[in-house]
Amino acid sequence: MITLLVLVAVLVVLVMWAVGVYNGLIGARNAYKNSFAQIDVQLQRRYDLIPNLVETAKGYIKHERETLEAVIAARGAAQAGLKAASANPGDPTAMAALSGAEGQLTGALGRLFAVVEAYPDLKANQNMMQLSEELTSTENKVAFARQAYNDSVMGYNNRREMFPGSIIAGSFNFEAAALLEIENVANRAAPKVSFG
């Protein structure tokens, strides 16, 4: 009888342990999904600012139509990438698509701002200055939200890959989540210095 009680007690402890690990994995997965929701909010704000920025610039740089069209096209691609990633945060394919689309949008916006520099009247336009400031602020918020998301993903992935969580994660198909890394080639290039 005592052997049966000990066996039942061990079984209860094992079940409680498994439930605890499972709930920890669920909590970690929900944390990274919530973190992605914060990215979603900030990126949507960024996308909402872009048409206003383009409309403001359009009046000044009529012959730079292809630059404006590139920004609008990149915005559309980024919105589609965000929609796919929002449907399944952490999915490696969706995160890669969003990352690529965001890189294209950042490049297109960089080209737009380079064009704006050539037009002093546009650069001094109060609406353009305000939109540029809001966009910069939003991009900073996106960077912070992306860092929080990536931290949450790392915590989740660590839980699912480390023993004993890996046993439960494997049994219940907890898939690895992907980081959101926006690749900006310009930031990775070494600056060129010339003294001549």
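Yes/no per residue for (1) within 30 Å of F174 (Cα to Cα); (2) modelled with pLDDT of 90 or more:
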| position | (1), (2) |
| --- | --- |
| N30 | yes, yes |
| K33 | yes, yes |
| A37 | yes, yes |
| Q42 | yes, yes |
| D48 | no, yes |
| K62 | no, no |
| R65 | no, no |
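Results for (1) among the β-branched types (V, I, T); (2) modelled with pLDDT of 90 or more; (3) more than 27 Å from Q38 (Cβ to Cβ), shown as yes or no for each residue.
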site	(1), (2), (3)
G103	no, yes, no
E134	no, yes, no
N140	no, yes, no
A143	no, yes, no
R146	no, yes, no
F174	no, yes, no
A177	no, yes, no
V185	yes, no, no
P191	no, no, yes
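Applying a threshold of 7 Å to beta carbon distances and a minimum spacing of six or more residues, or different chains, the list of pairs starting in segment 34-48 at a residue that is closer than 17 Å to A94 by Cβ and polar (S, T, N, Q) and ending at one that is outside any helix (DSSP H, G or I) and open to solvent by less than 40 Å² (accessible area, probe 1.4 Å) is empty. The residue that is farthest from the chain's Cα centre (by Cα), counting only those in segment 133-149 that are in contact (Cβ under 8 Å) with a residue 12 or more places away in the chain and open to solvent by 30 Å² or more (accessible area, probe 1.4 Å), is E134. In segment 63-82, the residues that are of a type in the set (V, I, T) and open to solvent by 70 Å² or more (accessible area, probe 1.4 Å) form Cβ pairs under 9 Å with partners that are assigned to a helix (DSSP H, G or I) and at pLDDT below 95, at six or more places apart or across chains, as follows: I72/I50; I72/P51; I72/V54; I72/A108.
For segment 87-132, filtered to residues that are part of a helix (DSSP H, G or I), of a type in the set (A, V, I, L, M) and open to solvent by 60 Å² or more (accessible area, probe 1.4 Å), the residue that is nearest to E64 (Cα to Cα) is A114. Over 30 Å from N157 (Cβ atoms) and either open to solvent by 40 Å² or more (accessible area, probe 1.4 Å) or of a type in the set (K, R) (or both): is that true of Y60 in this structure? So Y60 fits the description; yes.
Would you be able to tell me the number of residues in segment 35-53 that are open to solvent by less than 20 Å² (accessible area, probe 1.4 Å) and not hydroxyl-bearing (S, T, Y)? Total satisfying the criteria: 7.
The values are calculated or read from the model by the stated rules, or taken from the named source; none is laboratory data. These numbers come from a predicted model, not from an experiment. As a convention, Cβ positions derive from the backbone with ideal geometry for all residues, glycine included, and neighbour counts pool all protein chains shown. Ligands, DNA and RNA are excluded from the accessible area calculation, which covers all protein heavy atoms including side chains. Shrake-Rupley method; radii C 1.70, N 1.55, O 1.52, S 1.80 Å.
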